[in-house]
Amino acid sequence: MQISKITLLIIALAVAVAGPVRAEDTPAEAAARAALDAKMKELNSQVASPAPAAAMPANPVKPARQAPGTIDQNSRKVDRAAEKLRAKQAAAAAEAAAKEKKLVAKKAAAEQAEAEAKAKQQAAEQKQALEAQKKQAAAELKARQEAEKQAAKEKAALLEQQKRVAAEQAEAEAKAKKEAAKKAAAEQAAAEAKAKQQAAEQKQALETQKKQAALQAAAELKAKQEAEKQAAKEKAALLEQQKRVAAEQAEAEAKAKKEAAKKAAVEQAAAEAKAKQQAAEQKQALEAQKKQAALQAAAELKAKQEAEKQAAKEKAALLEQQKKAAAEAAAAVERTRQEAKIRAAAEKKELEVKKKQAAVQAAAELKAKQEAEKSLAKQKSVLAAQQKRAAAEQAAISAKAREEAQKEAALAAEAAKAKKIAAKRAAKQKAGQVPPEVSSYPGKELGLQPIPAPASPLDATKEQKLQALLVEYQADQLTPEEYHRQRAEILAAP
């Protein structure tokens, strides 16, 4: 019966030393636990071999009393075996605890390094993304400002061009009106002066003709027939010459009209030159007529009535020609005015087309600006989402680090509590007292004492520093990175 109790005690101690198994053991921790189990089995086999258990009957009866000396001897053997077992178990437990703490410290350091590296990488990526977005936003802002400046410049240039075109148009219209009025007045004055001069010349010619006729009438009585023939020939020549002049004038007018259709300025100059040429030709014709009339008056005394009639006809024809020339000049002025009006309408239409093009361009630029603003807003929303996601990931990392710290704090608190309990038990054992909570435990009947929990491998100073650091972290006075860094520094300190 004693052997079975010792076996139960060893199993209970092994279970107590092993403690609760974590759900997430690393391969190193699993290997350490397997080694500890093998060691405990070896100890169990060593304890069980020197004191083989006696075969117990199926129905146990009250054992016979043994001699006092035998009981004392057995009790001493059991005490020695228990002391050896406790020493081995304490050493194995201390070794396992040290290994486990080392593994936990390595795991925490690795996790901390991994978390720090991940946080740094995320921070670097966020920084790069923010810089890239800032650069892109600055480039878009600059491009938009350049586009607005260019649009403002083009708009100002267009307005300036419109003002200049309007001013030039008004100036051209005023100039054309002035030139037309001036030309019409000059032509009218010239026509009136020319008509007066022609009338005076004709009157003087008639008077001269009368005088010459009176003087030559006596001398040229016999040459009447010849004079009549000569007069008829000269009359025919004069009519031919007048027809030629009229044809040339008509041709000149047709040419002037064609030239005027091509270019207004050239037509006006050609018209003025043609008018001067016609005036010169008319003057020459009149001079020729004067000469011919003088010759005819000297030769035709008897043709006085016919000459007067012819002069009246010529005067009427000249007046008709002057009226025709005045009408053509007025028509040329009206044509110039109409062409100026057509050019003004064309320029106005062109200006309207330019205005429409400017409006279309402004609409396109406004649309481009709106598209750029939409793109910028979309990029800002994407950036906000990325920042939000990064903040959520950072919060998750912080929560995870806080949870790990809380677990470590709980473990440290449990270790401190176990240390205090062990200290109290040791003090009570020294005083010969047993705590009430362990008044009943396996091996008590054999006189065995409960095995205290192994002490923490850290000294009291480190325990106090770790506890104070944990309190600061739980009060949100430290970030997870600062907590892990300071904890690693405390653990690495000698």
The residue that is farthest from K127 (Cα to Cα), considering only those in the stretch 395-408 that are modelled with pLDDT under 80 and not charged (D, E, K, R), is A405
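Please work out if E83 is free of Cβ contacts under 8 Å to residues at least 40 places away in the same chain, part of a helix (DSSP H, G or I), out of contact with any Pro (no Cβ under 7 Å at 6 or more places or on another chain) and not aliphatic (A, V, I, L, M).
yes
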With respect to Q278, is the statement that it is closer than 14 Å to A252 by Cα, crowded, with 16+ Cβ neighbours inside 10 Å and either in contact with a Ser or Thr (Cβ under 6 Å, 6 or more places away or on another chain) or not aromatic (F, W, Y) (or both) true? yes
Picking from A316, A298, A364, the residue that is farther than 19 Å from Q162 by Cβ, touching a residue at least 24 places away in the same chain (Cβ under 8 Å) and either touching a strand residue (DSSP E or B) at 6+ places or on another chain (Cβ under 9 Å) or assigned to a helix (DSSP H, G or I) (or both) would be A298
Considering residues that are among the β-branched types (V, I, T) and more than 30 Å from E306 (Cβ to Cβ), the number found within the stretch 229-277 is 1
Of the residues in the stretch 86-95, those that are in contact with a helix residue (DSSP H, G or I) (Cβ under 9 Å, 6 or more places away or on another chain) and either closer than 12 Å to K39 by Cβ or exposed (fewer than 14 other Cβ atoms within 10 Å of the Cβ) (or both) come to K88, Q89, A92, A93, E95
- Query: Yes or no: S398 closer than 30 Å to A468 by Cβ, of a type in the set (S, T, Y), in contact (Cβ under 8 Å) with a residue 12 or more places away in the chain and part of a helix (DSSP H, G or I)?
  - Reply: yes
From the option list E192, E253, E187, single residue qualifying as assigned to a helix (DSSP H, G or I) and in contact with an Asp or Glu (Cβ under 7 Å, 6 or more places away or on another chain) is E253
Filtering the stretch 104-160 down to residues that are acidic (D, E), in contact (Cβ under 8 Å) with a residue 60 or more places away in the chain and farther than 30 Å from A31 by Cβ yields E140, E148, E154
Screening L103, L158 for residues that are under 28 Å from A399 (Cα atoms), in a helix (DSSP H, G or I), touching a helix residue (DSSP H, G or I) at 6+ places or on another chain (Cβ under 7 Å) and at pLDDT 80 or above leaves only L103
Here the residues within the stretch 327-341 that are among the hydrophobic types (A, V, I, L, M, F, W, C) and either buried (at least 16 other Cβ atoms within 10 Å of the Cβ) or without any contact (Cβ under 8 Å) to a residue 24 or more places away in the chain (or both) are A327, A329, A331, A332, V333, A340
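The values are calculated or read from the model by the stated rules, or taken from the named source; none is laboratory data. Everything quoted here is computed from the prediction, not taken from an experiment. Note that each Cβ is placed from the backbone with ideal geometry, even for glycine, and that neighbours are counted across all protein chains shown.
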